[in-house]
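Working notes for the structure below.
Every number here is computed from the coordinates shown, using simple stated rules; none is lab data. Model, not experiment: these values are computed from the prediction. Cβ: placed from backbone, ideal geometry, glycine included. Neighbour counts: every protein chain shown.
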């Protein structure tokens, strides 16, 4: 898949599946592949393998490659697979090469986690990966402190197809989109459905999602509404998923993946707890709130949706 194909895909929903573990704590490749298959066959436009919802930083590099394998097996060409890469620049380049050999369509570089990372050097990190990668790259911008000049330099690289913008600095986003070449990298909402309307209003296209593991129909409804310019309809769907996303933000986002995995478990999949330093399991009150919400959506056995649009 060439760069322009990926740019089109990034206009849609980039889904980030979870990683399933067996009772021994090791990756369950079969269940993980099933989760990827379910997300792809729901119609999600781009599938991100080993993203944050897939617990990238809790996995060894060998485990990340196992997730790539499970993703390829589960997706089976239904959608492009964007393989997440990261850590040191050398490790990330090696991952990108492995991803290409395994059939990925693109790579997404996680935000560097070095505590002494300078903003301009983080841009150099992304650009260095784009130079070394034979696949188009999506840069995951999550930290604060970047300037418009930083962002336009990132967007201008010919092998950077997208920028996953994952901070709430909408003013920087708006100014960066206006200053960047419209034929360069696409600015994508990296804060999921809840922020997608605000990001779309300033020119971002598409969004990433962990909700797709549980209720991809809501993600697709938000996308369709925004594509049609119907912000009221998009906000209406966002209101329905608000509790789900709010639960994920607890403990400084420590419950982000936990909520998703427990919701998937309620649907009958054995995916295991979240690895440290994420929250392993929800407390009883949050689990009850999540179960009630899932029941109101009609997603658990024996329940009926409160709305007919499910």
Checking rank on 253-262, 124-133, with mean other Cβ inside 10 Å and highest first, the result is 253-262, 124-133
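What translational diffusion coefficient, to the nearest whole µm²/s, does the range 214-310 have by Stokes-Einstein, given a Kirkwood radius computed over alpha-carbon pairs, a temperature of 37 °C and 0.692 mPa s viscosity?
On the way: Rh = 14.2 Å.
Translational diffusion coefficient: 230 µm²/s.
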By Cβ neighbour count within 10 Å, fewest first, 44, 160 rank 160, 44
The distance between the Cα centres of the range 59-125 and the range 241-299, in whole Å, is 26 Å
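Give the calculated FRET efficiency between residue 239 and residue 147 to the nearest 0.05, with a Förster radius of 25 Å applied to their Cβ-Cβ distance.
Values: r = 35 Å, r/R0 = 1.38.
According to the calculation, E is roughly 0.15.
Given the peptides 99-105, 275-281, arrange them by the average over their residues of other C-beta atoms within 10 Å, most packed first. Intermediate results must be reported in sequence, preceding the final value.
Values: 99-105: 18.7, 275-281: 13.9.
Those peptides, ordered most packed to least, come out 99-105, 275-281.
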Taking a ≥ b ≥ c as the square roots of the Cα gyration tensor eigenvalues, with a/c under 1.5 meaning rounded and otherwise prolate when a/b beats b/c or oblate if not, the range 3-228 comes out oblate
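Taking the DSSP beta bridges in the chain as the whole, what percent of them are antiparallel, to the nearest 5? Present the calculation step by step, with values, prior to reporting the outcome.
Numbers: 1 of 26 bridges.
Antiparallel bridges make up about 5 percent of those DSSP assigns within the chain.
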